[in-house]
Amino acid sequence: MNMPLYVSPEQVMKDRADYARKGIARGRAAVASTYADGVLLCAENPSNTLRKVSEIYDRIGFMGVGKYNEFDQLRIAGVRHADLKGYSFSREDVDARWLANQYAQILGQYFTHEMKPLEVELLVAEMSPEVGDDRLFHLLYDGTVMDTTSHVVIGGEAEAIGARLDESWSAGLQLREAVQVAVGALAGSDRELVPDDLEVAVLARDGERRSFRRIEGDDLGGLLG
Amino acid sequence: MTFPLFTPDQDPGPSFLGLLERLGMAPPEFTGTLEADGITHGTTVLAIRTVDGVVMAGDRRAISGNFISHHSMEKVFPADRHSGIAIAGAAGPAMEMVRLFQLNLEHYEKVEGSPLSLEGKANQLSQMVRSNLSSALQGLGVVPLFAGWDERLEQGRLFQYDITGGRYEERRYATGGSGSLHSSTVIKLRHTPDLDFSTAVDIAVEALFEAADEDSATGGPDPVRGIYPVIATIGRDGFERMANEDVVARTTALLERLGDRSD
């Protein structure tokens with residue numbers, strides 16, 4: 001009689017976590033930070049069409065790193081969920097915390113029950129009309145959620161980039177400084193990132209209903225220069 | 001509310017209406033009969049094409065039979081940053097159509113990462129009007145006007161619909177609702193190919209004034225309540241609603257120009 005192969009739950013979880021972490025570490029990182037007039041979303045992304053940064057709702061933005069098809073599917077589900085909620089109730093009832101919890105459920109479900117975990121790390125950002133109330137929700141591949149009001153790094157080399165960001169970031173930066181701090185942290189000391197390597201957007205606190213704005217080309221060059 | 005994740009063969013794509021249908025949340029089709037007098041109707045709207053883009057305008061009256069049910073209804077709305085929609089017909093279904101149309105355009109833009117072409121938006125609206133046909137046959141018809149700035153052709157464009165969803169692009173102007181006959185006569189007499197926004201707005205104010213003069217369902221300027229038509233311009237910079245003070249000033253100027261009609 002064949003003995004069934006026994007693997008301890010600790011080992012299963014560890015293998016899955018290693019698998020997911022490896023997949024995520026292959027990709028380039030992204031930084032989210034709050035600044036004086038909103039939230040800055042800044043990703044290292046040489047592609048101009050496969051987006052990592054996108055709009056979910058009026059004051060909610062999204063960033064994903066890792067496997068593109070997996071985080072893009074989650075992004076679209078987020079847009080659908082937010083639009084459905086706004087249609088059923090009202091636009092002001094749509095919030096990032098609810099969305100982050102939903103993402104956490106899905107990621108946790110995949111991590112424990114599916115063949116393979118999702119190789120993604122997500123960030124859900126919410127700009128608040130009040131200064132100082134902006135929220136950044138950071139989601140890991142296993143469904144862990146963390147929230148902060150200052151800055152977050154997701155993706156490969158997050159620790160090194162996070163350490164650089166801790167040194168240079170401070171509350172209440174202007175957009176130009178915030179972009180330079182984020183890009184400087186992403187690049188490190190031995191290389192320089194140009195606008196073509198970057199995907200930058202803001203959730204701007206400027207009174208418009210839809211706050212998501214991409215900053216591209218010459219506008220981005222001007223901020224970096 | 002479940003989280004809307006789909007397998008590839010079940011995916012509703014970038015359409016919000018498709019998503020509602022897939023989730024069984026689409027508004028139920030109307031069946032049965034209704035007393036036409038009990039339904040609130042929005043009345044006169046118009047759109048004029050100019051070299052700067054399109055001017056859209058609508059009066060503020062809503063009626064149920066021979067009662068005035070609202071004095072300050074709005075019938076001209078932004079559809080997205082670069083287009084607008086004006087509605088005449090049964091007010092309830094019309095407002096819902098506007099809301100769904102706005103959502104559908106925004107939903108597409110967010111899911112796909114780029115907006116629909118103007119032609120695509122006009123076709124979407126056509127399908128929405130078409131799907132309202134069974135309600136229209138019960139007296140709940142909605143006939144919108146749609147206008148926008150076509151970024152590819154660098155010009156304003158204007159579309160008119162019938163209750164079956166028929167879509168007609170107009171080169172000069174279009175009107176809808178009960179006061180459409182009178183308002184279109186005014187525009188027809190004054191429209192020139194080189195119209196700019198400012199002149200077209202004056203024509204729109206006058207057209208609505210004359211429609212209100214002849215048609216009981218169209219509301220005229222109401223200085224007692226401070227209610228004036230809603231006017232919007234849609235040009236290269238997108239949809240912009242005119243400030244009420246500007247409309248008041250133009251209405252006052254029109255009344256002075258028309259002079260005394262007492263004899």
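Before moving on, here are some points about what is shown:
- Any hit, the stretch B:223-236, residues being part of a helix (DSSP H, G or I) and open to solvent by 30 Å² or more (accessible area, probe 1.4 Å): no
- You will find that of B:ASP9, B:ASP59, B:ASP37, the residue that is in contact with a Gly (Cβ under 6 Å, 6 or more places away or on another chain) and open to solvent by 60 Å² or more (accessible area, probe 1.4 Å) is B:ASP37 and no other.
- Filter pass, A:VAL200 being touching a residue at least 60 places away in the same chain (Cβ under 8 Å), assigned to a helix (DSSP H, G or I) and either of a type outside the set (Phe, Trp, Tyr) or buried (at least 18 other Cβ atoms within 10 Å of the Cβ) (or both): no
- If the condition is being within 11 Å of chain B (Cβ to nearest Cβ) and surrounded by 24 or more Cβ atoms within 10 Å (Cβ to Cβ), then the stretch A:62-73 contributes only A:PHE62.
- Selection within the stretch B:40-56 - closer than 30 Å to B:ASP196 by Cα, open to solvent by 40 Å² or more (accessible area, probe 1.4 Å) and either among the charged types (D, E, K, R) or at pLDDT below 95 (or both): B:ASP52
- The residues of the stretch B:84-99 that are closer than 19 Å to A:ASP58 by Cβ and buried (at least 19 other Cβ atoms within 10 Å of the Cβ) amount to a single one, B:VAL98.
Here is a yes/no grid of residues against (1) buried (at least 19 other Cβ atoms within 10 Å of the Cβ); (2) under 23 Å from A:SER33 (Cα atoms); (3) within 12 Å of the chain's Cα centre (by Cα):
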position: A:LEU107; (1), (2), (3): yes, no, no
position: A:MET115; (1), (2), (3): no, no, no
position: A:VAL124; (1), (2), (3): yes, yes, yes
position: A:MET127; (1), (2), (3): yes, yes, no
position: A:LEU136; (1), (2), (3): yes, yes, yes
position: A:GLY143; (1), (2), (3): yes, yes, no
position: A:SER150; (1), (2), (3): no, yes, no
position: A:VAL153; (1), (2), (3): yes, yes, yes
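- Single unsatisfied condition, B:SER131 versus (1) without any contact (Cβ under 8 Å) to a residue 24 or more places away in the chain; (2) surrounded by fewer than 21 Cβ atoms within 10 Å (Cβ to Cβ): (1)
- Long-range neighbours under 7 Å by Cβ, at least six apart or interchain, first residue farther than 15 Å from B:SER69 by Cβ and assigned to a helix (DSSP H, G or I) within the stretch B:88-106, second open to solvent by less than 10 Å² (accessible area, probe 1.4 Å) and among the aromatic types (Phe, Trp, Tyr): B:LEU103/B:PHE16; B:ASN104/B:PHE16
The values are calculated or read from the model by the stated rules, or taken from the named source; none is laboratory data. Owing to the predicted nature of the structure, the values given are computational and were not obtained by experimental measurement. Cβ: placed from backbone, ideal geometry, glycine included. Neighbour counts: every protein chain shown. Accessible surface is based on the protein model in full, side chains and every heavy atom, while ligands, DNA and RNA are left aside. Shrake-Rupley method; radii C 1.70, N 1.55, O 1.52, S 1.80 Å.
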